[in-house]
Amino acid sequence: MKTLLLTGGAGFIGGCFVRRAVESGRYKIVNLDALTYAGNLDSIPAEGPNHVFVRGSIGDPELVASLLDTHRPDAVLNFAAESHVDRSIDGPGEFIETNINGTFRLLNASLGYWNKLPADSQRAFRFLHVSTDEVYGSLGAEGYFTETTPYSPNSPYSASKAASDHLVRAWLHTYGLPTLVTNCSNNYGPYQFPEKLIPLMTLNAIEGKPLPVYGDGLNVRDWLYVEDHCSALEAVLERGEIGETYNVGGNCEQANIKIVKTICETVQALIPGLGHRCDELITHVTDRPGHDRRYAIDTGKIRDALGWTPQTDFASGIRQTVQWYIDNSMWIERVTSGNYQRERLGVTTG
Ligand SMILES: NC(=O)c1ccc[n+]([C@@H]2O[C@H](COP(=O)([O-])OP(=O)(O)OC[C@H]3O[C@@H](n4cnc5c(N)ncnc54)[C@H](O)[C@@H]3O)[C@@H](O)[C@H]2O)c1
């Protein structure tokens with residue numbers, strides 16, 4: 001069984017990867033997570049023979065070096081990041097610190113470990129960096145992001161992820177560390193922190209609170225069920241070619257307003273006696289500054305090279321997701337008991 005040093009594994013996507021790994025017995029996970037507001041132990045399995053949890057930062061070189069030396073992983077999977085665009089508008093500093101400096105320190109510690117490995121272990125080692133399609137900027141009405149689309153990030157979040165992708169590339173080309181990068185579209189599914197569009201709208205729809213749609217609501221995103229993202233990462237980890245980047249997407253472009261209306265219909269269908277009309281809660285609010293208009297992914301490379309395609313269509317994925325939020329009010333209460341109360345974030349005043 002392979003051992004992975006997985007970072008950010010108490011967050012939304014990393015947590016899904018950890019649950020899959022522990023359930024399948026496929027990997028032993030050493031889970032390094034700083035437990036920021038976005039990380040929660042309630043999202044992941046308890047520690048056990050295949051899951052070691054360590055609270056700490058990817059930016060702590062001594063801690064990372066000691067984890068690498070102790071657990072001798074076959075790969076590093078870097079999920080850890082500040083991930084919310086609106087928060088990056090309010091406070092970009094944390095994004096620079098974690099996404100850029102943190103990735104730099106993690107790369108350096110991984111290189112130090114890799115340099116000391118015997119030749120066959122060096123050949124087998126992988127550093128897989130989990131990134132976003134937002135690094136490519138915004139599309140017009142036509143076209144798709146491919147792996148050769150020039151980077152053109154527009155938000156502090158996407159700029160920090162773009163910088164980290166470039167560092168990962170440089171650590172391969174300059175120092176030989178065997179790296180791979182994935183750039184994935186918007187994920188949705190259970191255990192997503194309720195600041196993001198789908199869980200925020202779902203919870204507000206259930207509770208009869210306003211559904212704040214940014215601008216005209218016609219910004220388009222490509223949506224992927226989180227389990228499918230994790231299966232793509234497993235494919236890239238196992239069969240991806242060193243130095244390659246792989247775009248991952250759901251072939252499921254939808255305008256934000258359409259997503260919100262689908263959530264309204266789904267909540268209404270799953271809670272028959274709700275007592276209010278969800279679509280009447282929709283309000284259009286000031287747009288996000290610098291809001292990218294459209295993202296769309298050409299998934300041809302990962303499909304042809306690695307045989308990966310998404311398995312969950314949006315209709316069933318959104319139903320499962322809404323049902324999960326209906327059934328898991330305790331989780332929601334625990335993760336939002338801090339200082340986030342679903343208020344509007346990311347509006348500049350200048
Ligand atoms: N959510 C999406 O739609 C999406 C799409 C494409 C790519 N991504 C990327 O996937 C990764 C995971 O995204 P997510 O949605 O699960 O994010 P998330 O915000 O839910 O989780 C991030 C996790 O990283 C941890 N973390 C933050 N700073 C850390 C640090 N310095 N050291 C260790 N841990 C730290 C947090 O505690 C949290 O558990 C990110 O790199 C993100 O850029 C996300």
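Below is a table of values for the structure above.
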quantity	calculated
Cysteines having no other Cys beta carbon under 4.7 Å from their own, within the chain	Cys16, Cys184, Cys230, Cys252
FRET efficiency, 1/(1 + (r/R0)^6) with R0 22 Å, evaluated for Ala315 and His284 via beta carbons	0.30
Segment 13-41 and segment 263-286: distance between their alpha carbon centers, rounded to Å	32 Å
Radius of gyration and maximum dimension Dmax of the chain, Cα, Å	19.7, 65
Part-to-part distance (alpha-carbon centres) for segment 124-195 and segment 211-253, which is given in Å	10 Å
Peptides 13-24, 258-269 ordered by average Cβ neighbours within 10 Å, highest first	13-24, 258-269
Charged-residue dipole, Cβ positions (Lys, Arg, Asp, Glu), segment 141-289 about Cα centre, Debye nearest 20	360 debye
Between 0 and 90°, nearest 10: helix 256-270 axis offset from the chain longest Cα axis	70 degrees
Debye log10 I(q)/I(0) at q = 0.15, 0.27 Å⁻¹ for segment 20-81, Cα point scatterers	-0.46, -1.42
Ratio of Rg to Rh over segment 1-134 (Cα coordinates, Kirkwood Rh, two decimals)	0.96
Rounded to whole Hz, the Karplus (6.51, -1.76, 1.60) HN-Hα couplings of segment 53-67, x for glycine and proline	10, 10, 7, x, 9, 5, x, 9, x, 5, 4, 4, 4, 6, 5
Farthest toward positive dipole pole in segment 166-267 [+1 Lys/Arg, -1 Asp/Glu at C-beta], among Tyr214, Ile198, His173	Tyr214
Where only alpha carbons of segment 74-219 are counted, the Rg and the Dmax (Å)	17.9, 60
Most positive-pole-ward Cα, Thr262, Thr321, Gly143, against dipole of the chain from beta carbon charges	Thr321
Check: the chain dipole with +1 on Lys, Arg Cβ and -1 on Asp, Glu Cβ, in debye	360 debye
In order through segment 18-24: 3J(HN,Hα) via Karplus (6.51 cos²θ - 1.76 cosθ + 1.60), integer Hz, x for Gly, Pro	5, 4, 4, 5, 5, 5, 7
Segment 240-350 pair-distance distribution - Cα-Cα, 10 Å bins, rounded %	10, 26, 35, 23, 6, 0
Neighbour net charge for Ile100 - beta-carbon separation under 12 angstrom, K R +1, D E -1	-2
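Readers should treat all values here as calculations from the given coordinates under stated rules, not as data from a laboratory. It should be emphasised that the depicted structure is a prediction, and the values quoted were computed from it without experimental measurement. Here Cβ is always computed from backbone atoms with ideal geometry, including for glycine, and neighbour counts include all displayed protein chains.
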